[in-house]
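Heads up: the structure comes next, in structure tokens.
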Amino acid sequence: MSLLLIVLLPLVGSLLPAFGSNERRNTCALVTALPTVIALGVALHHARETIAGSVPRVALDWIPALGLDLAVRLDGLSLLFVLLILGIGLLIILYARYYLAPGDSLPRFYAFLMLFMAAMLGIVMADNLLLLWFFWELTSLSSFLLIGYWYHQSDARKGARMALTVTGGGGLCLLAGFLLLGHIVGTYDLQTVLDSRDMIQADPRYLAVLVLVLLGAFTKSAQFPFQFWLPHAMAAPTPVSAFLHSATMVKAGVFLLARLHPALAGSEAWLYLVSLTGLMTLLYGAYFALLKYDLKGILANSTISHLGLITLLLGLDVRMAVVAALFHILNHATFKAALFMTAGIVDHETGTRDIRKLQGLWRVMPLTAGVAVVAGMAMAGVPLFNGFLSKEMMLTETLETSLLGGLGWLIPALATLGSLLSVAYSVRLVHNVFFNGPLPELPKTPHEPPRLMIAPGILLAAICIVVGVVPAFAATTLLETAARAVLVGEAPELHLAIWHGFNLPLLMSAVALVGGVILYFKRRHVFAFQRQFRSRNARTIFEASVQTLVRATQHLVDSLENGSLQRYMLWLVITILCLVGGALTHAVQLRGPLPLQPLDGLLVAGAGIAMFAGLATAVLHRRRLVSLLMLSIVGLVTSLAFARFSAPDLALTQLAVEVVTMILLMLALFFLPQKTPKESGGPRILRDALLAAGFGGIVASLNFAVLTRPLESISQFFIDNSVPGGGGHNVVNVILVDFRGFDTLGEITVLCIAAVGIYKLLNRLRLFMPSSDADGRPWSKDRHPMILVSVTQTILPLALLVSVFIFLRGHNAPGGGFIAGLVTAVALLLFYIARGVDWCQRRLTFQYQPIAVAGVGVAALTGLGSWLFGYPFLTSAYGHFHIPYIGDVELATALLFDLGVYLTVVGATLMILANLGKLTTPHRPTKQKEKA
Amino acid sequence: MEALFSITTGVLAACGLFLALRGRTFPVVVGLTLLSYAVNLFLFSMGGLTTGGAAVIGDKGGDYADPLPQALVLTAIVIGFAMTAFSVILAMRARGDLGSDHVNGNRLDEPREERT
């Protein structure tokens, strides 16, 4: 279990700094370092098992259905990286404490850094491909946050965006590759995948897998042609550059190559794709490192070059090359982190990173200069430093490879050229900054940084020397363990030594060293050569291409979505016609086997009236009031149809809703134009009429087809269980408040939300109020007719009584919360109409919004109540549990739920209509009134 | 009877759709309401057309109208009302803010009427 701690401790640790304050910086740094130290201890504790040859593992289920397990392992490769991440991470925590200015938030920095560290540890320890990918994306995200740490700077934001786009896009490719790999192997378990090399490489999808995985790795490790994001990521604070963009995150790509080496490597495709990309990147980075003026720009390009070198080694078909790659990962991390730290110190002390302005710094900061010299020599590959050893190994292996066949000599030759360039830029970096003449005028007066700030650099420089002088003692065990994890079969025995005798690689090294120094002194020729080319800024190109993409997409969206509702409706209808009409043509015949029921005169009359009124609504639509009256006839006939076909609940509901809808539409019509102007020409009318006719035809056919076919309904269950299970004789109501109570809860919530939305829409609405009707007649002066007032007065108590009656009997006879609520609402609305808003406002002093919300609350609480008794949400009390002495409980819960429905319906309906009505009076809802 | 019912539903749906394709908000709202009548009738008929069926268990026994479509349609009627209300008030708001009641959001195509 403690293996998981290595990942989880930094993850938890990312929360700790958030509680710290920026004033107490030492405490903050200590709190951040603590989980890192413990994780390092745990890793070292397990390291003995790993070195002894076993692989400690832990696996927990996470999402088993997807094949995603929380599985971690600590094999040799993981161990190498874990030590690297945690070790350098600790040094960076210390360094960052002094690097960041007092104005920069240290807690925020540490929180992001720890999140990144946890993600990185997750990648290297994951024992499951999907888990690996999860952490992979997490590093992209946390790196985005870290690069954009100084978010007030535009280049930091742009650099962060670019890094996220490139690495995030690569991450998606990687996911696709992993999914394919999982399909081929049948599992995402890492060990199984690594053991299935033959199966994977024999599969036709192998090349696709390889390309996708390589895209992921190459974008992350800034390989050509994706190298452009890394120099722009240098807008990050220097500790971030040292940690993410030299030692760890960019190594995730090469780690992945090493991790999947047993499964994917060994093919011709791997050899060519990986090695040649690596070689290309090696040369590209080294050349541009020589040309840059920004300290961090040089280091970034040199990092690209060294990552290319490692990629080249991992691609070669020589076993020892892989070991060399691992060794160089270790060496590069130490010297490059040290160099970044000195670059940060120089920037910090002098206020500039431009090497044209810097020289002779060794006089004022000898210690920093010493670290830079040592790390620079390691980078150049000078003997007695660690860089020399891995470079020597690299040169040896390039001689061994079968790559390019007859042109195979090109590989060692180009590798030597790369080394030569590397020597040249290393010399330039160190010599130009720290030596090369007297101290110039600088923005700040430089002096040696605080001791604890330079200490991590000194430690790393010391490691460079120790590994360089006694490599067998310092690195053999770790490398051999790591090599065991990467190579299939017996790992080659390692003989790390400084002296291998006079041989070809030594000669190549010598050529590189001497040639590099000469190139440095003759560098103005290179600069002159480069001036012939137009300089191109990758960021400008990137931003421009992103904007072109956005514009193209916007254009596409605009051409599809032009804001015309009529057009959307048209396409929607055409789609329906095609889909449903197409499906109907597949039916053998429209009419099913059921016999038709007989017609009677009442039915024909009803249908005739409905069709006539419907057609009149459509035809007379330009005379809005008439059209509305016709509509109400259709509603009335619909309600009668429900009654005719044995659905009294529906008939009651429809009738009540009909009244409310008509009042609403009448009121709305008052505020809208009374007539519709003639707009559509003949062709448009014809087109719409044809579409409508087609749609009506399809609806009618579909309806007829269903009605004449036998029905298999699940309703028998509800009918059978209504009385014993729900305690009610009205099945419709029992379904609403019991069987499908959850649906009803959702529906009243929607009703309530719609009412609240309307309330907000009415807020500060600018109105057009006509002073006369469409024909110019003024409104009647008799606003509150006497007869209506007196009738209403009498009806109100009666109506309320009826609604209570309907509500109470709802469970056993037609009725229920919906209908009772509507009846109450209609009765109160009648009052508003008869007496006017002012009069009612004075008497009904309460607001309707709380009533509607309370209704939803009551219904939800009733549902939650069943939890108290250990039953699922909304379990009706009836018949499920028996509390002694409380006989009537079974009715109570369903009725309570229905009460919620009732309150919501009353509240929502009146909220809509009363507020709409208030618009004609000074009581209209406004912001000012809300505040009062 | 089935044929007549289907034709009625079809005609109502067609009229509703025709209105929904108009260019002004009020006919569109009326059309949507008409369409929702048609849809409710259609949904209701999915349980079959029962004449003289028992509404409540224990009434006469035997032939019940299918309660499930009824329950669905009952809530659909209420939600349909909420939708009508929302769209008509949205139409009012659009007219208030844009000065036009055209569904495509065209601005100000009519002289403002006097306010009271």
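Leaving out ligands, DNA and RNA, calculate the buried accessible area for the pair B and A with a 1.4 Å probe, summed over both sides, in Å² to the nearest 100.
Protein heavy atoms only, the B-A interface buries about 9100 Å².
Any idea what diffusion coefficient segment A:408-522 gets from Stokes-Einstein, in µm²/s, Kirkwood Rh on alpha carbon pairs, 10 °C, 1.306 mPa s?
88 µm²/s
Where in chain A lies the longest segment free of GluC sites (Glu not before Pro) that are both loop residues by DSSP (not H, G, I, E, B) and have at most 10 other Cβ atoms within 10 Å?
Formally, the longest exposed-site-free interval is A:24-440.
Kindly write out, for segment A:289-302 in residue order, the coupling ³J(HN,Hα) from the Karplus curve 6.51 cos²θ - 1.76 cosθ + 1.60 (θ = phi - 60°), rounded to whole Hz, with x marking Gly and Pro.
Values per residue, Gly and Pro as x: 4, 5, 9, 6, 9, 7, 3, 6, x, 4, 5, 4, 5, 5 Hz.
What does the accessible area per residue of segment A:295-358 come to in Å², with a 1.4 Å probe and no ligands, DNA or RNA counted?
Heavy-atom accessible area per residue stands at 15 Å².
How about segment A:777-825: which chymotrypsin sites (Phe, Trp or Tyr not before Pro) there are in a DSSP loop, with at most 11 other Cβ atoms within 10 Å of their Cβ?
Here the chymotrypsin sites (Phe, Trp or Tyr not before Pro) that fit, given the DSSP loop and packing criteria, are A:Trp779.
Residue-wise, which Karplus ³J(HN,Hα) couplings in Hz belong to segment A:537-550, taking 6.51 cos²θ - 1.76 cosθ + 1.60, θ = phi - 60°, and x for glycine or proline?
With coefficients 6.51, -1.76 and 1.60, one gets 8, 4, 5, 4, 5, 4, 4, 5, 5, 4, 5, 4, 4, 4 Hz.
Using only Cα atoms, locate the centre of segment A:40-89 and the centre of segment A:619-657, then give the distance between them in Å, rounded to an integer.
71 Å
Of all accessible surface on chain A at a 1.4 Å probe, what whole percent is carbon and sulfur?
Ligands and nucleic acids excluded, carbon and sulfur give 69 percent.
Regarding segment A:165-233, what's the average projected area of the Cα-atom convex hull, expressed in nm²?
The orientation-averaged projected area of the Cα hull of segment A:165-233 comes to 4.8 nm².
As I understand it, the dipole of segment A:1-100 uses +1 on the Cβ of Lys and Arg and -1 on the Cβ of Asp and Glu, about the Cα centre. Which of A:Leu86, A:Ala59, A:Cys28 lies farthest toward its positive end?
In segment A:1-100, that residue is A:Cys28.
Using the charge dipole of chain A (Lys, Arg: +1 at Cβ; Asp, Glu: -1 at Cβ; taken about the Cα centre), state which of A:Leu146, A:Thr167, A:Ala208 has its Cα farthest towards the positive end.
A:Leu146
Calculate for chain A the 222 nm mean residue ellipticity that helices alone would give, adding -39,500 (n - 2.57) per DSSP H run of length 4 or more and normalising by residue count, nearest 500 deg cm²/dmol.
Result for chain A, helices only: -23500 deg cm²/dmol.
About its Cα centre, what dipole magnitude does the protein assembly as shown give when the only charges are +1 on Lys and Arg Cβ and -1 on Asp and Glu Cβ, stated in debye to the nearest 20?
Computed charge dipole of the protein assembly as shown: roughly 3920 debye.
Just how far, in whole angstrom, is segment A:717-764 from segment A:543-578 if you go by their alpha carbon centroids?
38 Å
Looking at segment A:654-672, which residues lose a minimum of 50 Å² of accessible area between their chain alone and all protein chains in place, measuring with a 1.4 Å probe and not counting ligands or nucleic acids?
Buried by 50 Å² or more upon assembly, which counts only protein chains, are A:Leu664, A:Leu665, A:Leu672.
Need one number: % antiparallel among DSSP beta bridges in the protein assembly as shown, to the nearest 5.
90 percent
For segment A:146-256, what does the accessible surface come to per residue with a 1.4 Å probe? Please give it in Å².
Spelled out: the 1.4 Å probe surface of segment A:146-256, per residue, equals 30 Å².
Rounded to whole Hz and in sequence order, give me ³J(HN,Hα) for segment A:418-432 from the Karplus expression 6.51 cos²θ - 1.76 cosθ + 1.60, θ = phi - 60°, writing x for Gly and Pro.
Couplings: x, 5, 4, 4, 4, 4, 4, 6, 5, 4, 4, 4, 6, 5, 4 Hz.
Which whole number gives the average count of other chain Cβ atoms within 10 Å of the Cβ atoms across peptide A:608-621?
5
Build a GNM of chain B with springs between Cα atoms under 10 Å: which of B:Ala85, B:Ala94, B:Ala55 gets the top mean-square fluctuation?
Among B:Ala85, B:Ala94, B:Ala55, the largest GNM mean-square fluctuation belongs to B:Ala55.
Compare B:Thr51, B:Thr84, B:Thr25 in a GNM of chain B, Cα atoms joined below 10 Å, and give the one with the largest fluctuation.
B:Thr51
Write down the radius of gyration of segment A:337-420 and its Dmax, each obtained from C-alpha positions, in Å.
17.6, 54
Could you work out the per residue convex hull volume over the alpha carbons of segment A:674-814, in cubic angstrom?
Value for segment A:674-814: 250 Å³ per residue.
Taking the Cα atoms of chain A, what is the range of coordinates along each of the three principal axes, in descending order and whole Å?
Answer, in whole Å and largest first: 117, 71, 63 Å.
Could you give the distance between the Cα centres of segment A:295-372 and segment A:412-454, to the whole Å?
First find each Cα centre; the distance between them is then 10 Å.
So what is the accessible area of segment A:806-873 per residue, in Å², with the probe set to 1.4 Å?
About 43 Å² of surface per residue is accessible.
The values are calculated or read from the model by the stated rules, or taken from the named source; none is laboratory data. Quick caveat: nothing in here was measured; it's all calculated off a predicted structure. Counting neighbours? That spans all protein chains shown, and the Cβs are built from the backbone with ideal geometry, glycine included. These accessible areas exclude ligands, DNA and RNA; they are computed on the full protein's heavy atoms, side chains included. Shrake-Rupley method; radii C 1.70, N 1.55, O 1.52, S 1.80 Å.
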